[in-house]
Amino acid sequence: MPLYIMELKSNLKSFLIWLFCIAILFVFSMSMFPSFSSQGERLEELMSSFPEEFKAALSMNTVDFTKPLDYMAYIFQYILLAAGMYIMLLSTTILSREESDGTIEILYSKPVSRMNIYRNKFLFLLTNSFLLSFLFTFVSSVTVNVVSNGEADVKTIILTGVSMFFLQLFFLGIGIFISSFVKAGKSMSISLGLVFSMYFLSMISGLNEKFEFLKYLTPFKYFDPVLIIKNNGIEFIHILMTVVITIVTLLSGALIYNKKDL
């Protein structure tokens, strides 16, 4: 537990910075909604000029920018990308950082096992993911209701917050697995590369039916905010797949870390 509290304290500043930046980006983007909604016909003409493949890749083909929740769903895609980057950067260095900083020797001088270290690091990551999702959901609920004059469905907004948590959970498991065997110096490029690769896979999967199978490889399609708002729910199979992948990566990471030569 002291290790868990120490991680919370040492990472509090970066957490607040990420939360602030994501929240400001969302609030600023949503503040432009009244302008979009008042120019419905012009916007429709502009959208019709774009190729269908381009609109499908960016999930613009089913979005009505004059509706607050549709507009929010489009903006939320980029919020999910930022949230994925944050948790991957954090989780891929959570174990390897102790080795690069030399603090693993201090930890080993204490009566604490490797599995205890691993468990506390995981609980810290889980707490951060939950807090980021919870606090951002509060901000987004207030913001969307303000710009829509209270017409937006809060339950639907909460669903997007839930999707944010599960997307972070997906990357959390992969990140801590990578951290169990990759050195801290290489983890940043790997984490960012993986997140962007999965985001581009989600874009490519919408281009053509031939590429539709790619949607099963990326959490950005599991928790596509446009589909969540359109269907007013998250498919259970996507939640189940995320939980299974997280459990497998966590257990694999624990096995590797337990046998690692430190």
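Structural remarks
- Subset tally (residues that are within 11 Å of the chain's Cα centre (by Cα) and in a loop (DSSP other than H, G, I, E, B)) for the range 80-95: 0
- Which listed residue, of 95, 107, is closer than 15 Å to residue 125 by Cβ and at pLDDT below 85: 95
- Applying a threshold of 8 Å to beta carbon distances and a minimum spacing of six or more residues, or different chains, the list of pairs starting in the range 14-36 at a residue that is closer than 19 Å to residue 148 by Cβ and of a type in the set (A, V, I, L, M) and ending at one that is open to solvent by 70 Å² or more (accessible area, probe 1.4 Å) and assigned to a helix (DSSP H, G or I) reads 25/78.
- Among residues of the range 134-166 being of a type in the set (Val, Ile, Thr) and open to solvent by 50 Å² or more (accessible area, probe 1.4 Å), the one that is farthest from residue 80 (Cα to Cα) is 146.
- When residues of the range 52-91 are limited to those that are among the aromatic types (Phe, Trp, Tyr) and open to solvent by 20 Å² or more (accessible area, probe 1.4 Å), the one modelled with the lowest pLDDT: 54
- Within the range 121-164, being at pLDDT 90 or above and small (Gly, Ala, Ser) holds for 129, 133, 140, 141, 161, 163.
- Flag if residue 159 is part of a helix (DSSP H, G or I), over 20 Å from residue 19 (Cα atoms) and of a type in the set (A, V, I, L, M): no
The values are calculated or read from the model by the stated rules, or taken from the named source; none is laboratory data. The shown structure was predicted, so the numbers you read here are calculated from the model rather than taken from an experiment. All Cβ positions, even for glycine, are placed from backbone atoms using ideal geometry, and neighbour counts span all protein chains on display. These area figures cover heavy atoms from the full protein model, side chains too; ligands, DNA and RNA do not enter into them. Shrake-Rupley method; radii C 1.70, N 1.55, O 1.52, S 1.80 Å.
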